[in-house]
Structure formats: C-alpha cells, structure tokens
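What follows is a single structure, written as structure tokens, with notes after it.
The values are calculated or read from the model by the stated rules, or taken from the named source; none is laboratory data. In this text the structure is predicted, and so the values were computed from the model without any measurement. So basically every Cβ, Gly included, is an ideal-geometry build from the backbone, and we count neighbours across all protein chains shown. For accessibility, only protein heavy atoms count, side chains too; no ligands or nucleic acids. Shrake-Rupley method; radii C 1.70, N 1.55, O 1.52, S 1.80 Å.
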Amino acid sequence: TLWGWGKNDRGLLGLNNRTQYSSPVQVGSGTDWSQCQVAEFLPNSFGLKTDGTLWSWGYNENGILGTNETAAFPGTKQYSSPVQIPGTTWASITSDSYSALATKTDGTLWSWGKNHYGGMGINAPSTNTRYSSPVQIPGTTWSTVHNSGGTVSAIKTDGTLWKWGRNSYGELGHNNTTQYSSPKQVPGTNWSMSRGSYAVKTDGTLWAMGWNHQGKLGQNNLVNYSSPVQIPGTTWDAVIDMGYNAYASKS
C-alpha cells in the first residue's frame, strides 16, 4: 500500500484533492505499489507497481509526468490522482525538478521532461527541449539510474558507471567541468551504486567527486575534485547525496 501526507500542492499526494494532511492517508486502494519517487522542489510524484506499470501525478510542468501532453508554464495541466505512463515493463524511476528517467526490465533507459543541463541524455544540447513522452537513451544493458539536480548517474549490468548533465564543479567525474548531453563513462568496471556526487564499488569502497562545500566530499579539506577520490573505508554499501551533505551506511 502507498500512503501520503504533508503539503499537497497541485495534488502531489495523489489523493484526488489538494488538502493538506498531518497524518498518513492511503493513496487509492491498491496493494501492489513497489516504489515511490517524489521530485525535488516541484510538486510531482511517480509510483511503480509490481505489475511493471508506472504512474505519475501532481504538476505537469515541461511534460515531466510523461502523459504525452505538451505542457509548459503557465498552461500546465495537473493531476491529483495517479495517471498511467504507457508500458508494462518499467523497473525503476528517478526524477528531479526538470526531467524523469526510468529503466525497463529489458535493460533500456528512457527519459522525458525538460532537457535541463542535457540531463535527458539524448544528445540534445538545448536546455529548452521538452518531451512529454519517454524517449529512449541508446543501450540495452542499463541497470540503475539516479537523477540529482540535473546530474545523472547510471550503472550498466557490466558494472560500468556513466554520468551526464550538470557538471559545474566536476560532479560527473570526467576530470573536467564540461556539460555532457549523452552518457559518458567514468573509469572503472565494478561500480554498484551512484547518487549525485558519490558512488560505491562492489569492493565496499566509497568515492566522491565535484563540489566540496563545507567538506561534503569527506576528504578532510575543502578542495573540489573533478575525478573520483576515495573516502576512507572498505565496507561501504550505500550512499545518499543531500546536496550540502551526505550519508552513507556500512555493511
């Protein structure tokens, strides 16, 4: 079951209204939800079901809900209940304020919304390009993907890490600050997880790159890094990038 509460601008909670709730309220009557994703800053949400269907609701600016409606401010359509995005083989979903990306069970990777910073990964450099339906990113061996403020990280089944989009401080790990509108590989073949400026390898090592505001890269300094640098330790298994700080767990 899926539950929502709190701020409900533009139907963000999927409860068929715009009422604010201070306690959990169930979304619909379904019992087959497997994942929920809420975008950063803008009120739009996505839900994945165990049958491989993908659903969206909330604010549809730039077509980010994937409902095949060309929508740009101020004429943006809103949904306060889940609406299905076509397809029945979706495996995962990630989004930020501008675009959403999702993998399918066949290893394909898809994106839609606004191509801010080239984050859609479709080799279209214009940040004003908008797609209201999923567009495929080349490749059939994608495993995981994560979108964090226009910086996108994806891992393939062979353990390679690919990053594209925003690269203001070298957060893509490509040893430069160049913005990329297509996936570009980060050296290495045993990556298991990537979130924003951080990535974990299968050997339990944790790596950081990009903006080192207030020491968020864990290097005991304030230096920005445009290539991955290791954070001490060899038993890391997961990491979360919170923008100004980070959290990681060990096994």
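Summary of computed values
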| quantity | calculated |
| --- | --- |
| Qualifying position, being open to solvent by less than 80 Å² (accessible area, probe 1.4 Å), aliphatic (A, V, I, L, M) and within 20 Å of the chain's Cα centre (by Cα), among Leu15, Leu42 | Leu42 |
| Yes/no for Ile155 being open to solvent by less than 20 Å² (accessible area, probe 1.4 Å), assigned to a strand (DSSP E or B), in contact (Cβ under 8 Å) with a residue 24 or more places away in the chain and more than 21 Å from Gly47 (Cα to Cα) | yes |
| Counted residues, region 97-132 - those being under 21 Å from Cys36 (Cβ atoms) and either out of contact with any Phe, Trp or Tyr (no Cβ under 9 Å at 6 or more places or on another chain) or of a type outside the set (Gly, Ala, Ser) (or both) | 8 |
| Any hit, region 121-140, residues being small (Gly, Ala, Ser), part of a loop (DSSP other than H, G, I, E, B), in contact with a Lys or Arg (Cβ under 8 Å, 6 or more places away or on another chain) and more than 25 Å from Lys184 (Cβ to Cβ) | no |
| Residue match in region 168-187 (condition: open to solvent by 70 Å² or more (accessible area, probe 1.4 Å), outside any loop (DSSP other than H, G, I, E, B) and within 30 Å of Thr89 (Cα to Cα)) | yes |
| Filtered residues of region 45-60 (kept if open to solvent by 20 Å² or more (accessible area, probe 1.4 Å) and touching a residue at least 24 places away in the same chain (Cβ under 8 Å)) | Asp51, Trp55 |
| Set Gly196, Gly243, Gly215: member being without any contact (Cβ under 8 Å) to a residue 12 or more places away in the chain and surrounded by 12 or more Cβ atoms within 10 Å (Cβ to Cβ) | Gly215 |
| The one condition in (1) at pLDDT 95 or above; (2) on the phi < 0 side of the Ramachandran plot; (3) not hydroxyl-bearing (Ser, Thr, Tyr) that Gly121 fails to fulfil | (2) |
| Meets criteria (of a type in the set (Ser, Thr, Tyr), out of contact with any Gly (no Cβ under 6 Å at 6 or more places or on another chain), buried (at least 20 other Cβ atoms within 10 Å of the Cβ) and in contact (Cβ under 8 Å) with a residue 12 or more places away in the chain) for Tyr21 | no |
| Residue that is nearest to Val83 (Cα to Cα) [pool: residues in region 134-152 that are open to solvent by 40 Å² or more (accessible area, probe 1.4 Å) and hydroxyl-bearing (Ser, Thr, Tyr)] | Thr144 |
